[in-house]
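Inspection log for the structure reproduced underneath, given as structure tokens.
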Amino acid sequence: MNYRRLFIQNTYVFFTIVTARRRKILIENINILRNTFRKTIDSFSYEIFAICILHDHIHCIIKPLDINDYPKIIQQMKRYFSQKINKNLLNDYQLTDSNIKRKECNIWQHRFFEHTIRDENDLNKHIDYIHFNSMKHYNIKPKNWEFSSFKKFVKNGYYDINWCNWDDKNNINFLNYE
């Protein structure tokens, strides 16, 4: 199957990456994940605009200096995290023939979802979706979920600290980027 990616210079890219078998390993290994982001920022110039890290997946909006780098950024994130995580702690860890053939280590799903942000309205919808995720998956208000950029957006006046009441949830719930 051929995937077409849109590369428009000076734009934001929303992406979702998911752990293999939806393993709940990201929060438990948050320091490795933070180092992963630092390492990729050192290797590729990009800004993390918005992010939410959940137990088994990440939603993120980045703005790369060179738009052509974003697939490489995601690839390096996956590779670095996979190298650093202690695979002995994963009770179901094993390589499939497909993993071996593709030189994968079975920590992440092979593909990732991406979307090039088209305009300000599109950006705002994706920012809301990212920050809504703690409510969607765990029924935890964004102000109480420490693994997202929500409080940065509150500090900058984008959200009220109590954003994501039930009305907000109903307005956002139709979005699904998983």
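The values are calculated or read from the model by the stated rules, or taken from the named source; none is laboratory data. Note that this is a predicted model, so its numbers are computed, not measured. Every residue, glycine among them, receives a Cβ derived from its backbone with ideal geometry; neighbour counts consider all protein chains shown. Please note that ligands, DNA and RNA were not included when accessible areas were found on the heavy atoms of the full protein model with its side chains. Shrake-Rupley method; radii C 1.70, N 1.55, O 1.52, S 1.80 Å.
Summary table below
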{"item": "So K101, is it at pLDDT below 95, in contact with a helix residue (DSSP H, G or I) (Cβ under 7 Å, 6 or more places away or on another chain) and open to solvent by 30 Å² or more (accessible area, probe 1.4 Å)", "result": "no"}
{"item": "Residues located in segment 14-48, provided they are closer than 22 Å to K125 by Cα and either among the hydroxyl-bearing types (S, T, Y) or more than 11 Å from the chain's Cα centre (by Cα) (or both)", "result": "T16, Y46, E47"}
{"item": "Residue within segment 107-130 that is closer than 13 Å to L54 by Cβ and at pLDDT 90 or above present", "result": "yes"}
{"item": "Qualifying residues in segment 130-157 (those that are of a type in the set (S, T, N, Q) and assigned to a helix (DSSP H, G or I)) - the one surrounded by the most Cβ atoms within 10 Å (Cβ to Cβ)", "result": "N133"}
